[in-house]
There are 2 protein chains.
Amino acid sequence: MTSSLPASVDPQAIQEVLDGRWAHVRRDARENLRDPDFAPVYGETMQEARERVTRMAKKLADSGRVGLGFPKEYGGEDDSGGSVTSIEMLAFGDLSTMVKAGVQWGLFGGALQLLGTTRQHDRYLRDVMSFDLPGCFAMTETGHGSDVQQLRTTCTYDPATETFDLHTPHQAARKDYIGNAAKDGRMAIVFAQLISRGKNHGVHAWLVPIRTEDGTPCPGVTIGDDGAKAGLNGVDNGRLTFDHVQVPRDMLLDRYGQVAADGTYTSSIENETRRFFTMLGTLVRGRVSVGGAASSATKLALDIAVRYGDVRRQFAAPGDDREIVINDYLVHQRKLLPALAQTYALHFAQGELVSTMHDVQTAVHRDGEEIDEARQRELESRAAGLKVAQTWHATRTIQMCREACGGAGYLQENRLPHLKADTDVFTTFEGDNTVLLQLVAKGLLTGYRDTFGSLDGWGRIGFIADMVRETVLERTAARALIQRLVDAVPGRDDDVPMLDRGWQLKMFEFREKHALEGAIRRLRKNAATEGMAPFDMFNDVQDHVLKTAQTHIDRIVLESFVAGVDRTANPGARQLLDTLCDLYALATIEADKAWYLEHGQLTAGRAKLLTSTVNQLIKELRPHMITLVDAFAIPHEWKAARILDEETDRQEAMAARDADVRVEAEGSQASGGSATDMEVAPAQ
Amino acid sequence: MTSSLPASVDPQAIQEVLDGRWAHVRRDARENLRDPDFAPVYGETMQEARERVTRMAKKLADSGRVGLGFPKEYGGEDDSGGSVTSIEMLAFGDLSTMVKAGVQWGLFGGALQLLGTTRQHDRYLRDVMSFDLPGCFAMTETGHGSDVQQLRTTCTYDPATETFDLHTPHQAARKDYIGNAAKDGRMAIVFAQLISRGKNHGVHAWLVPIRTEDGTPCPGVTIGDDGAKAGLNGVDNGRLTFDHVQVPRDMLLDRYGQVAADGTYTSSIENETRRFFTMLGTLVRGRVSVGGAASSATKLALDIAVRYGDVRRQFAAPGDDREIVINDYLVHQRKLLPALAQTYALHFAQGELVSTMHDVQTAVHRDGEEIDEARQRELESRAAGLKVAQTWHATRTIQMCREACGGAGYLQENRLPHLKADTDVFTTFEGDNTVLLQLVAKGLLTGYRDTFGSLDGWGRIGFIADMVRETVLERTAARALIQRLVDAVPGRDDDVPMLDRGWQLKMFEFREKHALEGAIRRLRKNAATEGMAPFDMFNDVQDHVLKTAQTHIDRIVLESFVAGVDRTANPGARQLLDTLCDLYALATIEADKAWYLEHGQLTAGRAKLLTSTVNQLIKELRPHMITLVDAFAIPHEWKAARILDEETDRQEAMAARDADVRVEAEGSQASGGSATDMEVAPAQ
């Protein structure tokens, strides 16, 4: 197999493809937010970190760049996608600053914008945008993080006083892990069970003052501090407890549910669960932002590890004097390159998600259209799936990069420790990944159920029972192109070259379809089993169900990468991305070889060919590793990794002096160290 | 398949098996080192952490418990195995303290003990033991961590002055990441190229004063600070640079190589490479300690996650009011239980390794026997393999435990952040894991080569060309038992029950043998390929070679677990461990299902049966999760996880109040939250 890749490709050509629909936002950030102030600082105390991040938030507000997602009438740009993109760019810098910004303008400001009404916007939105009104998003409770329908905080209306009584009935109901709470927040959007005239109307949100301007907690409000965390210590996470706090009626964020002066509850959405999930659905931007931010952190980690690996040398080949650059070792390449390929794949998937989110939200919130329920649910499912994929990918990849940089990767000054510690919680907040996978799976099952008939005994399985769904394997991007590629694959798969894109897509599709059908079959069987408890019916199949969700996510990610390659005009860049896409597809199949072998989609011979093809792709891509990270175009000021500054100088100096230093050791030629003879010693 | 496990098993019965040969050391630590002083402290500055750890080191020294491995004549106990066991116990507490102790008494003291001679012991050993003489182990250089034969620091003898000139020729040669260097160390054992009479005799070690009693660096010595690290910030890692420092001749640690006054070099080991590796081999105890410490950290993480999972509730099953304990979810069990099984397996393997190390070292260093080269190489290979296995297992498992504890796992007060950050570097120091795997592989190849004939063109591949090795799949523990089990498996594997221990062992053996033979075949082929560069001959097969090493480690670990079960007298404990061993074996096979399917060792049908058998084992073991962590017998004072104190009280209070709080939401019965209907909301 001869390589068809050019000797070198201009990273700029790739960068243009990556920059995507909001390229102007990325360019603006690179040019105007290069300020080293936005880089992380090492060795701070928690207090210093918090103070610095508060200053940075103010600095961001003053830059006028935080308002992208807010309505034009308040000084924003109605640009939901731009807002997420700016968070992704911010995530190349200090992640505490990025999270602080996300809390203030994404969660607090976003909830105000999307759940509140005009009079509330008029009163508060500008101050939120300017950071003159720091605020919190108080949903999570100590006892309930994932199952938010079961929040225990109550807010009970009293028509006599036209106020709500906001109350934390016990410790497990306290709001917990709330960013902006421990130090800065002056108001909080608090989620609680709305009770009026003896009836619970489900979870709603109120705007509640928590701290006066001089920093004292408001009456009835107790503010606690979560203390030091593993990372993100520039974010002041805290706890909020309410002791019969009186909240005026007009502080209910009442876009979707209203309470009249006499306590009568009204809503345009009758079904309570649907109403709740509609409200939550508007907040999908937070989840989309976390996924994108995770990918930025991943890109930075790879940038550091790839550059380090291109200059770091250890062990000489037999007969050579020059030690080998570690990026030349197959096993090292096998760590970095598939991760780089998956990072590119996720980038394209994220780009489409942001674009879809923007269009959906703009239609509803700017243009006043009716919510398209199907599109909204699909968006939420996609957001959940890509949040899971990008955050787990970040955790794994950043760990791998730390190890790939050895002892240097363990020093704070080289950035990787911060990336590790800060991103760790991304797999938990904005939705625990395992629970989110279940959400994705449910969407697939619901779709199947509605298309192919009910699952007996599973009336509960859809929260929106009357939705009509398209055929299960709904294609995402570049539908026509992908359909053509898949259709072109001959029936007999055994002879199709593994670099055939249609074959790759078919393999992903087959796996998803088969996993889904298998999950359905097993659920039906359990549903029909006498004496089986409802919990066990589902629990018994939980691993299979989550696997199904995973395969679905893999497929939509591949489709996005295919679409991205298709959009690439520059020939050299297109070839490189095409080869990288091959690596993503084949490495993903290789990682799940067991499934394909078990289901007759690979013979033993093809399985071996798969591994050697992956190795061959890695060999072809190796010379382009630096180009692939260059294309991320991360401003040097944000990297804050000392090793990137030192390394080149050091290695050149070392190489120059090697000749002086190396006195031939007695007998070393016959038995000295070599790259195949790698003995190691206990290293301190 | 009905469960044969008793309803409950006494954790004490399991603990006795786990405590092993050095049970008295473990008991002593539990009873006498319960001091909360040895627990980690959260929210310290680096300076506070260093000061605390220095105090703790002194406290340990005063307890008299650090001298176990040192000779009796100096107040020790000649107890190498006891010394490692005490490090394992210390690793349940603050890991910075454990590493500090390991540096002072394991590396610095150990090198002095095993590379030095009596007159040096007489002068320094007691002060090392009392911590009156804090010291460093200065081997690693900025430019050379893994390839220690290529250290650049030189030490050149001048007969006229009878001193050595110790010199750092350039920055990459500076000693780096040296524990005890930045603050406390007054002497360092420095590794450098010994040059005398114009000849380089390879790497040796000298005892070199680096700091006077008042803290000033000695003449010619520059001491740098590595600064803040990801974790282990109580350890003062630093850099040492030597500018023509004069070192008296008698400061050469000269057990294995001597320099006479006139500069004549002598050694009982002629071959330089063998001499070097013999010296390094004595230091195997450090590597064995790191593996064991990693396992202690893993056990603690699992202890926290399992207990948390047994009280934390989220989502209710359809029709139920009580929310489900998260340990009851299959997917949650699938995270925790296989990890627990592997932890037990590694514990038994570590026990045998420590035992072997103790016997080998005692024979040589206490009883003065000749080094048994084959046994020594096998010990080093085993130590390398188990260091890799235990440290990567720790990294993966601690991450999983952090995620399993959600937001609570991200708070420093709940211990997991510290465990993560502190153990991260264990995969790098004492040997980078990838390089160590290569060492293990080389041992297997060397053995093969010597048994079955040379690998043409690979004269370099063995550093000890004339070693005779036993048959490749040398059994480790309980040889006779394992042989019987394997022999009893009928030829036709398809019908053998998966719970047949002999079948499980055969599957592990087959995989190792086949991988090894495949690696050899490919290496031979490359060696015979015209025009292929020597580096590429090996690099091309590197992934296969490392896979081979991995399969070898898996097998020896399983054999150790089998032997451990066999030693268990208490019937209930024996059954439980036997079932846990089944889970370890089958989960390991399941994780590599692809390989087994590809090589015809599993049919598609057997592969499915494998997964359902694993799920069934998990179901049987679920009720015993707490017992399995109780058996680790980790003193509560060392856990320093606030959630373990709070959780029970909180959940009981919450359950009691649920009835009061829960006003029936309108329509909630028909469409409320359920464990199968897991919608999630963006959580802060």
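Any idea what the relative contact order of the range A:135-276 is, in percent, if you count C-alpha pairs under 8 Å spaced at least 6 apart? Intermediate results must be reported in sequence, preceding the final value.
Details: 329 pairs, mean separation 38.4, N = 142.
Dividing the mean separation by the residue count of the range A:135-276 yields 27 percent.
Can you give the accessible area of B:H393 in Å² (nearest 10), computed on protein heavy atoms with a 1.4 Å probe?
10 Å²
Ignoring ligands, DNA and RNA, what percent of the 1.4 Å accessible area of the protein assembly as shown is carbon and sulfur?
Summing carbon and sulfur atoms, their accessible area is 50 percent of the total for the protein assembly as shown.
Is there a pair in A:K229/B:K183; A:K619/B:K525; A:K593/A:K619; B:K58/B:K387; A:K59/A:K420; A:K100/A:K442 whose C-alpha atoms are over 23 Å apart, and which pairs would that be? Could you put the intermediate results ahead of the total?
Numbers: A:K229/B:K183 27 Å; A:K619/B:K525 19 Å; A:K593/A:K619 21 Å; B:K58/B:K387 28 Å; A:K59/A:K420 26 Å; A:K100/A:K442 32 Å.
Beyond 23 Å: A:K229/B:K183; B:K58/B:K387; A:K59/A:K420; A:K100/A:K442.
For A:P248, place a label point 7 Å from Cα along the Cα-to-Cβ direction in every copy; what are the distances to the other copies, in nm, shortest first?
Ordered by distance, the counterparts are at 8.6 nm.
In terms of the Cα gyration tensor, with a ≥ b ≥ c the square roots of its eigenvalues, is chain B rounded because a/c is under 1.5, prolate because a/b exceeds b/c, or oblate? Walk me through the numbers on the way to the answer.
Details: a/c = 2.04, a/b = 1.37, b/c = 1.49.
Taking the square roots of the gyration eigenvalues as a ≥ b ≥ c, chain B is oblate.
Can you grab the distance from the C-alpha centre of the range A:172-223 to the C-alpha centre of the range A:558-624, Å, no decimals?
After rounding, the separation between the Cα centres reads 50 Å.
Given Cβ point charges of +1 (Lys, Arg) and -1 (Asp, Glu) and nothing else, what value in debye, to the nearest 20, does the dipole of the range B:135-276 about its Cα centre take? Write down the numbers at each step before the final one.
Numbers: 14 positive and 18 negative charges, 57 e Å.
It comes to approximately 280 debye.
Shape verdict for the range A:1-134, please, from the Cα gyration tensor: rounded (a/c under 1.5), prolate (a/b greater than b/c) or oblate. Let's see the in-between values first.
Details: a/c = 2.84, a/b = 1.53, b/c = 1.86.
It comes out oblate by the Cα gyration axes.
Could you work out how far the C-alpha centroid of the range A:105-136 sits from that of the range A:296-349, in angstrom?
44 Å
Relative to the isolated chain, which residues of the range A:579-603 have their accessible area cut by 30 Å² or more in the presence of all protein chains (1.4 Å probe, heavy atoms, no ligands or nucleic acids)?
Buried-area filter returns A:K593, A:A594, A:L597, A:E598.
Probe radius 1.4 Å, ligands and nucleic acids left out: can you give me the accessible area buried at the B-A interface, summed over both chains, in Å² to the nearest hundred? Kindly include the intermediate steps, with their values, before the conclusion.
On the way: alone 29050 and 29010 Å², together 45690 Å².
Using a 1.4 Å probe on protein heavy atoms, the buried area is about 12400 Å².
Angle check, please: helix B:23-32 long axis (alpha carbons) against the longest principal axis of chain B (alpha carbons), in degrees 0 to 90, nearest 10.
The answer is roughly 80 degrees.
Once phi is turned into ³J(HN,Hα) by the Karplus curve 6.51 cos²θ - 1.76 cosθ + 1.60 with θ = phi - 60°, what whole-Hz value does each residue of the range B:167-184 show in order, with x for glycine and proline?
Running phi through 6.51 cos²θ - 1.76 cosθ + 1.60 with θ = phi - 60° gives 9, 9, x, 6, 4, 5, 8, 5, 6, 9, 6, 8, x, 6, 8, 5, 10, 9 Hz.
Compute the angle between helix B:118-130 and the longest alpha-carbon principal axis of chain B, please, reported from 0 to 90 degrees and rounded to the nearest 10.
Relative to chain B, helix B:118-130 is tipped by roughly 40 degrees.
With every protein chain kept in the model, how would you rank B:T356, A:T163 by accessible area, 1.4 Å probe, largest at the top? Walk me through the numbers on the way to the answer.
Working: B:T356 55, A:T163 25 Å².
Largest to smallest exposure gives the sequence B:T356, A:T163.
Distance between the C-alpha centers of the range A:358-435 and the range B:377-448? Whole Å please.
Using only Cα atoms, the two centres lie 26 Å from each other.
Using a 1.4 Å probe and ignoring any ligands, DNA or RNA, find the accessible area of B:E48 and quote it in Å² to the nearest 10.
90 Å²
B:D158 label points, 7 Å along Cα→Cβ, one per copy: pairwise distances from this copy to the rest in nm, shortest first?
For B:D158, the other copies' label points sit at 9.1 nm, shortest first.
Whole number in Å², please: accessible area per residue of the protein assembly as shown, 1.4 Å probe, ligands, DNA and RNA not counted.
Values: 45690 Å² over 1368 residues.
Value for the protein assembly as shown: 33 Å² per residue.
Keeping all protein chains in place and using 1.4 angstrom, which order do B:R521, B:R34 fall into by accessible surface area, from largest down? Let's see the in-between values first.
Numbers: B:R521 145, B:R34 95 Å².
The ordering from most to least exposed comes out as B:R521, B:R34.
Averaged across A:408-415, how many Cβ atoms of other chains sit within 10 Å of each residue's Cβ atom?
Details: counts 6, 4, 12, 9, 8, 4, 2, 0.
The per-residue average across the peptide is 6.
Within the set of other residues whose C-beta is less than 15 Å from the C-beta of A:A297, count the net charge using Lys and Arg as +1 and Asp and Glu as -1.
Values: positive: A:K299, A:K387, A:R396, A:R402, A:R415, A:K420, A:K639; negative: A:E88, A:D94, A:D303, A:D422, A:D424, A:E430.
With Lys, Arg at +1 and Asp, Glu at -1, the net is +1.
Once you order the gyration tensor axes a ≥ b ≥ c over the Cα atoms, which shape class does the range B:135-276 get: rounded for a/c under 1.5, otherwise prolate or oblate by comparing a/b with b/c?
Because a/c hits 1.5 or more and a/b exceeds b/c, the range B:135-276 counts as prolate.
Anything losing 10 Å² or more of accessible area from the isolated chain to the full protein assembly: pick those residues out of the range B:296-315, probe 1.4 Å, ligands and DNA/RNA ignored.
Checking the loss per residue gives B:R312, B:Q314, B:F315.
Between the label point of B:A374 and that of the same position in each other copy, find the distances and list them shortest first in nm, with every label point placed 7 Å from Cα along the Cα-to-C-beta direction.
Sorted ascending, the copy-to-copy spacings read 7.4 nm.
Calculated from DSSP H runs of 4 or more alone, at -39500 (n - 2.57) each and per residue, what is the 222 nm mean residue ellipticity of the protein assembly as shown, nearest 500? List each step's numbers first, then the result.
Numbers: 48 runs with 700 residues, N = 1368.
Here the helix-only value at 222 nm equals -16500 deg cm²/dmol.
If R0 is 22 Å, what FRET efficiency do you get for A:H244 and A:E162 from their C-beta distance, rounded to 0.05? Intermediate values should be presented prior to the final figure.
On the way: r = 16 Å, r/R0 = 0.72.
Working from the Cβ atoms, E equals 0.90.
The values are calculated or read from the model by the stated rules, or taken from the named source; none is laboratory data. All of these numbers come straight from a predicted model, not from anything done at the bench. Counting neighbours? That spans all protein chains shown, and the Cβs are built from the backbone with ideal geometry, glycine included. Side chains included, ligands, DNA and RNA excluded: accessible areas come from the protein's heavy atoms. Shrake-Rupley method; radii C 1.70, N 1.55, O 1.52, S 1.80 Å.
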